[in-house]
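Everything on this sheet refers to the single structure shown next.
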Amino acid sequence: MILSRGIDQNWEAARDLIREGQSIVVRIVNEGDPNATIFAYRGSISKLMSSVGRWVVLDYPRNVQKISLRQHSRLPISLSCNMRSSADSQESFSGLLKDLSLNGGGFVSSPIPLPLTKQAFTLELPIEGQDPLAITASICNQHLEQRSPEKVHYGLSFDADDKLKQKFIESALLEIVQRENKTPG
């Protein structure tokens, strides 16, 4: 396996560790895939090359491990929703709930101009004729949406007990079924 050696701060921080014979663990994952699988193996750096570019040549893997990235599989959905910050400003951001699992989901919206780490949000699903369905969530990752680069996909982790998570998910799924079964007029 041949890797192009980058010049960003992560590569520079590891500069002293990148040498021939160094033992390494290689992990390969597609971050844009909500159902991603991680492939990993132990190996070593067999050669460093710099004739045309900067290259790291790795030993071929003898054994490869395959691990699912998700604890629970995600159900692809599409529900309009809002994320409200729990900060003093109580800012609200409109978007779509794109997938749902027992412990979280994926929220797609325009970029949220707030610090995201260690901040609680309230995810609200509007339900016709009722108060919005709400659950506390934190953002655990983010990446540009593949089909709409002006939008950001935020990975959510629900911060609630199992009973409340289950009620939220059941209600969200019931709302989807009810919307799909509505007849026009």
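Is at least one residue of region 140-162 of a type in the set (Asp, Glu), in contact (Cβ under 8 Å) with a residue 60 or more places away in the chain and open to solvent by less than 100 Å² (accessible area, probe 1.4 Å)? The answer is no; no qualifying residue exists. None of Arg54, Arg27 is of a type in the set (Lys, Arg), in contact with a strand residue (DSSP E or B) (Cβ under 9 Å, 6 or more places away or on another chain) and exposed (fewer than 13 other Cβ atoms within 10 Å of the Cβ) except Arg27. Residues that are open to solvent by less than 70 Å² (accessible area, probe 1.4 Å), more than 24 Å from Thr37 (Cα to Cα) and not assigned by the TED database to the domain that holds Thr37: does region 100-111 have at least one? Within region 100-111, one or more residues are open to solvent by less than 70 Å² (accessible area, probe 1.4 Å), more than 24 Å from Thr37 (Cα to Cα) and not assigned by the TED database to the domain that holds Thr37.
The set of residues from region 168-185 being modelled with pLDDT of 85 or more and β-branched (Val, Ile, Thr) comprises just one member, Ile169. Anything in region 121-139 that is surrounded by fewer than 13 Cβ atoms within 10 Å (Cβ to Cβ) and of a type in the set (Gly, Ala, Ser)? List them, or say none. Within region 121-139, just Gly129 meets the criteria.
The values are calculated or read from the model by the stated rules, or taken from the named source; none is laboratory data. Keep in mind it's a predicted model, so treat the numbers as computed, not measured. With ideal geometry, Cβ positions are generated from the backbone for all residues, glycine too; neighbour counts draw on all protein chains shown. Note: accessible area is taken over every heavy atom of the protein model, side chains too, but ligands, DNA and RNA are not part of it. Shrake-Rupley method; radii C 1.70, N 1.55, O 1.52, S 1.80 Å.
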